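Take a look at the structure below.
What follows draws every value from the coordinates through simple rules; no lab data is involved. Bear in mind the structure is a predicted one, so any value in this text is a computation, not a measurement. All Cβ positions, glycine included, derive from the backbone under ideal geometry; neighbour counts span all protein chains shown.
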Amino acid sequence: MPTYNKLVRDKIPQIIENTGKKFSTKILIDQDYIKYLKEKSYEELDEYCAAESNEEAVEELADLLEIIQALAKHHGSSIQEVEAARKEKAEKRGGFEEKIFLIEVED
């Protein structure tokens, strides 16, 4: 039986059960939950970086957004508050739309 030891989406156990396979899960305590959410964010970011089509990229971005939403909730916030913070930061410092690559700054 393969061992995964990773955080999965809420409906994955039901999907596995529907295939007739045996599996084991546990509910994480908050400290472990945040640890594995962070690990999952790296996994999904790696998958986004490896995406070979726009469709794949969008799917992986959706996974990252799901993780960001869960992290925001864990920190007592919401995706709307994260978006408001993003907008405020963009107003003050800009976004990444102009594709500016900083090479060096003189001391």
FRET efficiency, Leu45 to Thr19 (Cβ-Cβ, R0 25 Å, nearest 0.05): 0.30
Within a Gaussian network of the chain (alpha carbon springs, distance under 10 Å), most fluctuating of Ser24, Ser53, Ser41: Ser24
Computed E for Glu52/Asp30 - FRET, C-beta separation, R0 41 angstrom, nearest 0.05: 0.65
Given charges at beta-carbon only (K, R positive; D, E negative), |dipole| of the chain in Debye: 780
Length released on extending from Lys92 to Asn5, taking residue separation times 0.36 nm less the Cα-Cα span: 27.2 nm
Answer label, with volume of the Cα convex hull per residue in Å³ calculated from the coordinates and candidates (i) 78; (ii) 198; (iii) 189: (ii)
For the chain, calculated [θ]222 nm from helices alone, where every DSSP H run of n ≥ 4 adds -39500 (n - 2.57): -20000 deg cm²/dmol
